[in-house]
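Have a look at the structure below before the remarks.
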Amino acid sequence: MAKQEKLLIISPAFHGYCYSIADGFKELGYETVIHRYDAFDGASAKIRNKVQYELPSKIGFDGQKAAEKHATAVAIAKLNEVRPDKLIVIKADTLGDGFWERVKRLNIPYMLWLYDDLKRHRYSIDFLKQLPVVLSYARSEAEEFSNAGINAYFAPNGYDPKLADPPSHRTQEIVFVGSRYENRVEMMLHLQDAGIPVRVYGRGWSHHPYDRLRMWEWNRPNLPAERDVPLKEAYQIQAGAAGAINIHGLQAGLAMRTFEVPGMNGLQLIDRPDVEEFYDVGKEVLLYQSNDELVELCQRVISDPQWSESIREAGRKRSLAEHTFFHRAQKMDRLWV
């Protein structure tokens, strides 16, 4: 029997996406190991982070630099412990040069995956040129990288069908789960003013005193709002709503929820025409280009459940067939250098 290859995934802790990505590679036969380079698990680790890094930053010392030095040392130790056959590094722009030097000395296939825009990372084009494989979640950015001489490929986001079961009941609300930005506030208030029942989720929307204090602000939009929810719960909330809104900001690629909402049998209302690369607009997802158009779509979504159900079913079928993290792993596994 052939030896099972060991794949190490070094990733941010962000919403636990690394576990779903690792599961996709497990389905390909890899033994997967995860290291979350910015995680502070357990009470003692959280206290150490507050005392050693956050508190010094509050009083004028560079606590962030010390935190990144520590994270780099721990990541290097993980490389030495695991001794992987292959390596995927996700984001990781806060890890120092010593980490990348150790990666090169391992002399194994590795790739860097950026599931956010390059402008939100510290990497330079010159640095990316030195890497064997760079993946971007945005097709336009992958093309720009290639034109600049980087061995780059497009790797869109996906979803995990094993994370949660589709909900058995639905609300009549239109929901948004995510960060609070001005364009999102304006849109949700516009829907509410038009008589659409809405609800928003996240610490930036929440009226809870703790969420207001930890973000150093008291005023919040006058919208029905809930606190942060784990990713599994977000999957179910969006799918269980009459419709889930996908509002993008100034970003090149499509957000994770682009695939999560239809994958969970939800009805997605999205603002990006380039979604047509992945879904049939009008049959599997709904596209809006203005607040007024969104109001009209929401009104029909709520008043015409038979039509809405047909979109849900078609979107889920397409997602299961093409857009899981297993499908993304299959594509990535052909790119090792």
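When you go through Leu135, Leu114, Leu79 one by one, which is the residue that is open to solvent by less than 30 Å² (accessible area, probe 1.4 Å) and either farther than 24 Å from Gly29 by Cβ or of a type in the set (Ser, Thr, Tyr) (or both)?
On the way: Leu135 fails: either farther than 24 Å from Gly29 by Cβ or of a type in the set (Ser, Thr, Tyr) (or both); Leu79 fails: either farther than 24 Å from Gly29 by Cβ or of a type in the set (Ser, Thr, Tyr) (or both).
Exactly one of Leu135, Leu114, Leu79 is open to solvent by less than 30 Å² (accessible area, probe 1.4 Å) and either farther than 24 Å from Gly29 by Cβ or of a type in the set (Ser, Thr, Tyr) (or both), namely Leu114.
Looking only at the range 208-244, filter to residues that are at pLDDT below 90, open to solvent by 60 Å² or more (accessible area, probe 1.4 Å) and not basic (Lys, Arg); which one of those is nearest to the chain's Cα centre (by Cα)? Before you say what the answer is, go through the steps one by one.
First, pick out the residues of the range 208-244 that are at pLDDT below 90: 208-220.
From what is left, the residues that are open to solvent by 60 Å² or more (accessible area, probe 1.4 Å) are 208-210, 213-216, 218-219.
Remaining after also requiring not basic (Lys, Arg): 208-210, 213, 215-216, 218-219.
Values: His208: 25, Pro209: 27, Tyr210: 25, Leu213: 26, Met215: 22, Trp216: 25, Trp218: 28, Asn219: 27 Å.
Result: Met215.
For the range 37-68, a tally of residues being modelled with pLDDT under 90 and open to solvent by 50 Å² or more (accessible area, probe 1.4 Å) returns 20.
Selection of the range 171-207 for residues being in contact (Cβ under 8 Å) with a residue 60 or more places away in the chain and within 24 Å of the chain's Cα centre (by Cα) yields Glu173, Ile174, Val175, Phe176, Val177, Gly178, Tyr181, Asn183, Arg184, Glu186, Met187. The residues listed here are Gly282, Gly202, Gly195; of these, the one that is on the phi > 0 side of the Ramachandran plot, open to solvent by 40 Å² or more (accessible area, probe 1.4 Å) and of a type in the set (Gly, Ala, Ser) is Gly195.
Can you report the number of residues in the range 177-192 which are touching a strand residue (DSSP E or B) at 6+ places or on another chain (Cβ under 8 Å) and either at pLDDT 95 or above or open to solvent by less than 70 Å² (accessible area, probe 1.4 Å) (or both)? Full working, then the answer.
Our first condition is that a residue be touching a strand residue (DSSP E or B) at 6+ places or on another chain (Cβ under 8 Å); within the range 177-192, this holds for 177-178, 180, 184, 187-188, 191-192.
With the extra rule that they be either at pLDDT 95 or above or open to solvent by less than 70 Å² (accessible area, probe 1.4 Å) (or both), the set shrinks to 177-178, 184, 187-188, 191-192.
Total satisfying the criteria: 7.
Only one entry of Lys104, Lys129, Lys162 meets the criterion of being open to solvent by 10 Å² or more (accessible area, probe 1.4 Å), touching a residue at least 60 places away in the same chain (Cβ under 8 Å) and basic (Lys, Arg), and that entry is Lys162.
With respect to Asp23, is the statement that it is modelled with pLDDT under 95 and acidic (Asp, Glu) true? Working first, answer last.
Working: modelled with pLDDT under 95: no; acidic (Asp, Glu): yes.
No; evaluated as a whole, the condition is false for this residue.
The values are calculated or read from the model by the stated rules, or taken from the named source; none is laboratory data. Being a predicted model, the structure only gives us computed values, none of them experimental. In this analysis, Cβ positions are derived from the backbone assuming ideal geometry, glycine residues included, and neighbour counts consider all displayed protein chains. Just so you know, the surface numbers come from the protein's heavy atoms only, side chains and all, with ligands and any DNA or RNA stripped out. Shrake-Rupley method; radii C 1.70, N 1.55, O 1.52, S 1.80 Å.
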